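Working notes, beginning with the structure itself.
All of the numbers you see were taken from the coordinates with simple rules; none came from a lab. Please read all numbers here as calculations on a predicted model, not as lab measurements. Note: ideal-geometry Cβ built from the backbone for every residue, glycine included; neighbour counts use all protein chains shown.
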There are 2 protein chains.
Amino acid sequence: MNTKGAPHSGSMAVLTALQARLGAHKVLRDGAHLESYAWDNTGLYARPDGVVLASTLHDVQTTLALCHAHRVAVTPRTAGTGNVGGALAVEGGIVLSLQRMNRILEINPADRLVVVEPGVVNADLQDQLSAHGLFWPPNPSSSKSCAIGGNLAMCAAGPNAVRYGVVRDWVLGLELVTAEGKVMRTGSRCSKSVTGYDMTRLLVGSEGTLGVITQAILKLTPKPAVQLTMRVVYASVTAAAQAVSAIMAAGVPPSALEFMDSSCLGLLRQAGMAIPAQGAALLLLEVADEVTRVEGEVARLQEILQRYAPLELVVARQAAQAKAVWAARYALSPLLKNLAPKRVNEDVAVPVSRLPELIEGLQRIAERVDLPIVNFGHAGNGNIHVNLLVDPEDSVVMARLPDALDRVFDLVVKLDGTLSGEHGIGYQKRDYLGWELDAENLAMQRRLKALFDPNGILNPGKLFSPKPRATLV
Amino acid sequence: MNTKGAPHSGSMAVLTALQARLGAHKVLRDGAHLESYAWDNTGLYARPDGVVLASTLHDVQTTLALCHAHRVAVTPRTAGTGNVGGALAVEGGIVLSLQRMNRILEINPADRLVVVEPGVVNADLQDQLSAHGLFWPPNPSSSKSCAIGGNLAMCAAGPNAVRYGVVRDWVLGLELVTAEGKVMRTGSRCSKSVTGYDMTRLLVGSEGTLGVITQAILKLTPKPAVQLTMRVVYASVTAAAQAVSAIMAAGVPPSALEFMDSSCLGLLRQAGMAIPAQGAALLLLEVADEVTRVEGEVARLQEILQRYAPLELVVARQAAQAKAVWAARYALSPLLKNLAPKRVNEDVAVPVSRLPELIEGLQRIAERVDLPIVNFGHAGNGNIHVNLLVDPEDSVVMARLPDALDRVFDLVVKLDGTLSGEHGIGYQKRDYLGWELDAENLAMQRRLKALFDPNGILNPGKLFSPKPRATLV
């Protein structure tokens, strides 16, 4: 990583040209300003040589054309809330900020679509849509600060995914600037289109490595009228996982189906919350439906949940009560900080039926490598946030981390799982890409990258690793 | 098109080698056998030089490796029920039939997935799944004969798409043989995965031009317990379209929301069905839900449908009654044959709000070019089957067809529509691809094709045209 801050001479030439073409106010070059673009949610640090504050399509085109010609690295960035270093200029060069391109260009309830620029904040979009009784389902826990551009680049998700799917399921079309600075439009305003290759979904989740998204047509859906919350505690992970499988096999899934392991429950007890003593796994459900249907839906889910002998089952019907139930979920991240200064958060996923093996395997790894591992996440998709707790100042503990991560990803791949359910690969997991993808797929992905970005300027250092990790035996 | 049946010398060498390697029983070379692979649902004719009846992954690899080395065209094919010539060997060479690869390898209710080979017939899969209370939503009207391989290649859909989406929304992963004969696996058994580029959805809908799918992991969902059918007749297309928009803007869509125009209603009246005299548009709804919920859902939809002053609104609660309502939809195709020997069926789509403009525009084109045009289809997605009725023996009528099609696609593109909602581009619409896609997108699609298939052997003559049509002014 470029942590020394020594600017590349190519960057300097491009930044000077951009100041002349876009205006000095759109180009940041001094250290103090650059610092705020050197961080994201990983705690990694990579200061860029300069930052372009694009506010128009033309700004993006000009920046990319110049960087392409001078072979200068460009890291596209919106809110910088990612968890894998995707928005960090790990190989130096220029950060292309799209935060100022934050207009909602069209809300079209009749066609259930919205046209947005990448800098629009997820929650701001939802606020605008709720006036029309509509919403855009992807809801990362960072929704109050994360932007649509980052959501698209990483194919983000959140609790709603269990019912509604992920970002790729809610995008109709894109406007993209290619590495060479040309404009490409993909997809359609239609809810069904099979004209040519599905370029839209190739670009969603491509982590800024194939082009820069400057506009998106997002698909919307009606917002359910009411939401109730249920909290269920089981004596074992197996019982909880069986309940999750049974719920997913019957009817429309709840709009959230979250899981916490016994370590999480321990933390919550320490924080003074009343959790049954024998409890080893907790499920949190959100039931969203029409007024006339929601109680029937709660009853249906209760019947399934009861089959696996819960120690406790609470239905929160009042907003204040629901808020208290969700508070447990949102309290976890700060509580983890009490245990260790840093948590390494890996968002692996496995098929739902493998959840008990995953949680048991993670507990064994925690003992073997002597690092606390705390697990919670989106159970309905088998998507678990695996939190390895470390102190970055403690070199003995930090030395255990690579081995611990190797063991976690080895376990996940052996359980037919995936390295990432929603955070992406970015810089953090690039060394492991070949553990999940077969050689032919990985080779084709590298060729695709070269096709879209022949000079290798778009978000270099992400997805693909110069030094892949050998697999465990 | 290769209609003369003169075999290419390259094909002959490859077929001889394949007889030796795979066994003579897997290779068809004589005319009588080849005839049955020379047709599809378009009525076009293109006899291949030979047919390989693959039954294993190895057969597919061997065929492709040889064809790649000898630069012989390969047209992958399952049931041959497509509507755009996708399974026809329009440039000669070999048809690679995957119909014998028809095993359901795994049904996994706990993880809501099934693993299938491409030759499995859609309806056969549904039959197997219904025993587990699950289904795979894509349901083309050809479901009793079409196969999963073709469904994947074309990103098929059907009436269910209005609620559940299309094939790309219901595929988790693929096994593919590349043009060179190598095996590539994409996607995951997880319901959420963002590891690397979305190769799965790039391949779905790629019409056999990027590789040959030999296995698929399909996502399943619980099958609703009951289905009721509603038939609604309006005095204008505008009223029907407004009802469609209102339904799509409120709550979970019905599992089908079909449309028929006034020409369809005229045909049905001629066939003796009782349709109100003032009726100019008919909607057919299917409401699928749990037993305890379905009547509430019907009442909710009735309330919306009544707002636009229907001439008739029938709810079919008995199976026999529902069958009678659907019979009108299924009677249309044979009735069209009474009007003209051939129908050219284009499955365009527009945003739902543009449906009245589309139907009115199509009526104007029918008058202008003096060809009957009859329209029906999946209204909830704005996806209309535009049927131009012609007599192939009548050269005066046939001469009007190219101009008529130009006008139809020009209208669709001007309404922000798409050339195909579910049938694909294939051979039939390749000349129009550039009318919808911008130059940069089209150029990138051509480069993608060359990347996956450097020798141009995979389903040549499809998607991309050597002679694109000039756009109308």
Reachable lysines from A:Lys219, criterion Cα separation under 26 angstrom, eight or more residues apart if same chain: A:Lys144, A:Lys182, A:Lys192, B:Lys192, B:Lys219, B:Lys223, B:Lys414
Estimated vicinal HN-Hα couplings, Hz - region B:86-98 in sequence order (Karplus 6.51, -1.76, 1.60; Gly, Pro = x): x, 9, 9, 7, 5, 10, x, x, 10, 8, 9, 7, 10
Using modelled backbone amide H atoms (1.01 Å from N, in-plane), which distant-in-sequence or interchain residues come within less than 5 Å of A:Gly50's amide H? A:Val95
Amide H to amide H, which residues 5 or more places from A:Ala349 or on other chains are under 5 Å from it, using H placed in the peptide plane? A:Ile384, A:Thr418, A:Ser420, A:Gly421
Taking Rh as the Kirkwood radius computed over C-alpha pairs, what is the Stokes-Einstein D of region B:68-208 at 4 °C in a medium of viscosity 1.567 mPa s, expressed in µm² per second? 82 µm²/s
Helix-only CD estimate at 222 nm, as mean residue ellipticity for chain B, using -39500 (n - 2.57) per DSSP H run (n ≥ 4): -11000 deg cm²/dmol
Whole-Hz Karplus ³J(HN,Hα) for region A:133-146, in order, using 6.51 cos²θ - 1.76 cosθ + 1.60 and θ = phi - 60°, x for Gly and Pro? x, 10, 8, 9, x, x, 9, x, 5, 8, 4, 6, 10, 6
Helix A:294-306 vs. chain A, principal-axis angle (Cα, 0 to 90°, nearest 10): 70 degrees
Rg/Rh of the protein assembly as shown (Cα atoms, Kirkwood Rh), to two decimals, equals 0.96
How large is the translational diffusion coefficient of region B:126-243 in µm² per second when you combine the Kirkwood radius over alpha carbon pairs with Stokes-Einstein at 25 °C and 0.890 mPa s? 152 µm²/s
Give the nm distances, rounded to one decimal, from B:Arg103 to the matching residue in every other copy, measuring between label points 7 Å along Cα toward the beta carbon; shortest first. 5.8
Can you list the copy-to-copy distances for B:Thr16, using a point 7 angstrom from Cα toward Cβ, in nanometres, shortest first? 6.8
If Lys and Arg each add +1 and Asp and Glu each add -1, what is the summed charge of the other residues whose beta carbon sits under 12 Å from the beta carbon of A:Ser97? +2
From Cα pairs below 8 angstrom and at least 6 apart in sequence, can you work out the relative contact order of chain B, rounded to a whole percent? 15 percent
In Hz, Karplus ³J(HN,Hα) per residue of region B:353-358 (6.51, -1.76, 1.60; θ = phi - 60°; x = Gly, Pro): 5, 9, 4, x, 4, 5
Taking only Cα atoms, what is the 0 to 90° angle, nearest 10, from helix B:9-22's long axis to the longest principal axis of chain B? 80 degrees
Intensity falloff of region A:19-104 expressed as log10 I(q)/I(0), Debye formula with alpha-carbon point scatterers, at q = 0.13, 0.14 Å⁻¹: -0.38, -0.44
Between region A:191-230 and region A:113-144, what is the separation of their alpha carbon centroids in Å? 12 Å
Which residues' amide hydrogens lie under 5 Å from the amide hydrogen of B:Leu172, considering only partners 5 or more residues apart or on another chain, with H built in the peptide plane? B:Ile217, B:Leu218, B:Lys219
What Rg and what Dmax come out for region B:120-191 when only alpha-carbon atoms are used, in angstroms? 13.2, 40
Positive-pole candidate from A:Ala271, B:Leu389, A:Gln445, dipole of the protein assembly as shown, charges at beta carbon: A:Gln445
Which chain A residue hugs the A-B rotation axis most tightly by its Cβ, and what is that distance in angstrom, to the nearest whole number? A:Arg201, 2
What number, in percent, do you get for the relative contact order of region A:339-422 if the mean sequence gap of Cα pairs under 8 Å and at least 6 apart is divided by its residue count? 44 percent
For label points placed 7 Å from Cα toward Cβ, what is the shortest-first list of nm distances from A:Ala123 to its copies? 5.3
In whole angstrom, the spacing between the Cα centers of region A:317-357 and region A:28-105 equals 31 Å
Zero-based 10 Å bins, Cα pair distances in region A:350-460, whole percents: 12, 39, 30, 17, 3
Average silhouette area of chain B, convex hull of alpha-carbon atoms, in square nanometres: 22.6 nm²
Across B:248-261, the residue-averaged tally of Cβ atoms belonging to other chains within 10 Å stands at 3
Computed log₁₀ I(q)/I(0) - Debye formula, equal Cα scatterers, no solvent, region B:316-398, q 0.17, 0.24 Å⁻¹: -0.79, -1.15
Trypsin sites (Lys or Arg not before Pro) within region B:1-88: DSSP coil, no more than 10 neighbouring Cβ in 10 Å: B:Lys4
Any idea what diffusion coefficient region A:225-332 gets from Stokes-Einstein, in µm²/s, Kirkwood Rh on alpha carbon pairs, 4 °C, 1.567 mPa s? 93 µm²/s
